[in-house]
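Notes for the one structure printed next.
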Amino acid sequence: MVKAVFMVIRKEFTIGLVVNPVAGIGGSVGLKGTDGREILDRAIQLGAIPRAQQRARDFVDNLLPIRSRTKFITPGGSMGGSILEMVEPPLDFEALDGYARNAISETTGEDTARFVEAVKGRVDLLAFAGGDGTARDVLDGMARGSGETCPVIGIPAGVKIHSGIFGVTPAHAALVVLKFLAGEIGICDGEVMDIDEEAFRKGRVESKLYGYLRVPEEPAFMQGSKQGAPTVLSEDENKDRIGEYLASSMEAGTCYIIGPGSTTKPIFDKLGLQKTLLGVDAVLDGKLAGTDLNEAGILALVSRVKSEGKKAKLVVTVIGKQGFLFGRGNLQLSPGVIRAVGLDNIIIVITRSKLASLPDGKIRNDTRDVALDAEMRGLYRVLIDEGEYKIVKLE
């Protein structure tokens, strides 16, 4: 767990805080984001639980060492004000009118953009809790009107988090803020990325660059932009060999729950099965056992196969350059799912090029469960080619 350290800071600061309260709500129920009212309504119908406000609260709790020198400006209600109201002893904050809603589902990206436009010249730094869609709203707000912009840091709370402007976890984001306000680090440009919808409709998962925001420069605690899979033959051949090896080595009576990603798709190609784009699917004895499963569906499947005396294994890949195993784009694979399958039954696959792109050669985790993240730290055997493994550290 990252712990914020006290630093001697000789001036007062103002931090803007805005929360997308529905960010990440669709992840555990198998949706690929929460952009748009139709998807949001669907997530709520499926029983999704909002967690963005807790992620923002974790961030604020790690800033308490500088509480006496810091003022917050935030929207009222679920977009920030209600979170800061719960902190004890009380924080110094100003809640702006015009953003509170009767229900969190009534908040919009336009609310975020309007808030950013209103405060960008008044704060030393803006923190936002959300994902790539929220980052685009922040980018929109920064571009509006005139005057100075301000540095930004993202608190990871969404499903899609491809942009290079987020802390690794809320605690990491807070530590970056402490170092920035103490004058220990400077500022650089961070990429705002999101899924390219046109490519997605054509069956390809690619990230698109939408612009840049100024962010504190601290590579150790900030995630990089997602690295897309290179479209070179050697990379495709690498994935193909991994897929062939796993498909041919599947054990009878074992249910393989296979996470999203272009690295896992060839497994299904070799079996003659259809893989859900960005989804979690399952294979048992060479046949589909589940398609586009959400958290509840995976847990039910694991329970069923174990009751039948069979085993369950989880196959998951790592996001290139960022290095995340869980917590980015695969929220269906929740802490409950990971524990149900068991840490000894996780198979990690990664291509050679993505292995070379890992930060310091290590894998990261952000399961949204601090205790599980700590439990999972250690060395893992990672499949990088046909029958070839590397030992990689998960920190």
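When the square roots of the Cα gyration tensor eigenvalues are ordered a ≥ b ≥ c, the ratio a/c for the stretch 52-128 is 1.5 or more and a/b does not exceed b/c, which makes its shape oblate.
Applying the Karplus relation 6.51 cos²θ - 1.76 cosθ + 1.60 with θ = phi - 60° to the stretch 69-77 yields 3J(HN,Hα) values of 10, 10, 10, 9, 10, 8, x, x, x Hz, where x marks Gly and Pro. Using only the Cα atoms of the stretch 233-394, build the gyration tensor, take square roots of its eigenvalues as a ≥ b ≥ c, and label the shape rounded, prolate or oblate: rounded if a/c is under 1.5, else prolate if a/b is larger than b/c, else oblate. Cα axes put the stretch 233-394 in the oblate bin. Taken one residue at a time, the phi angles of the stretch 270-276 give Karplus couplings (6.51, -1.76, 1.60, θ = phi - 60°) of 5, 8, x, 10, 8, 9, 6 Hz. Gly and Pro are set to x.
Taking 0.36 nm per residue of separation and subtracting the Cα-Cα distance, what length does fully extending Ala371 through Glu251 add?
So the chain would gain 40.1 nm between Ala371 and Glu251.
Near Gly290, the amide H atoms lying under 5 Å from its own belong to Ala282; only residues 5 or more places off or on other chains count, and H is placed 1.01 Å from N.
The distance separating the Cα centre of the stretch 374-392 from that of the stretch 130-176 comes to 31 Å.
Among the listed pairs Lys275/Lys354; Lys270/Lys354; Lys208/Lys321; Lys311/Lys390, a Cα-Cα separation exceeding 18 Å is found for Lys275/Lys354; Lys270/Lys354; Lys311/Lys390. Couplings 3J(HN,Hα) for the stretch 79-85, derived from phi with the Karplus relation 6.51 cos²θ - 1.76 cosθ + 1.60 (θ = phi - 60°), are 8, x, x, 5, 6, 5, 5 Hz, where x marks Gly and Pro. Each of Leu209 and Glu110 was given a label point 7 Å from its Cα along the Cα-to-Cβ line. The distance between the two points is 3.1 nm.
Coordinate-derived values only; no laboratory data. As the structure is a prediction and not an experimental result, all values here were calculated from the model. Neighbour counts are summed over all protein chains in view; Cβ atoms, including those assigned to glycine, are modelled from backbone coordinates with ideal geometry.
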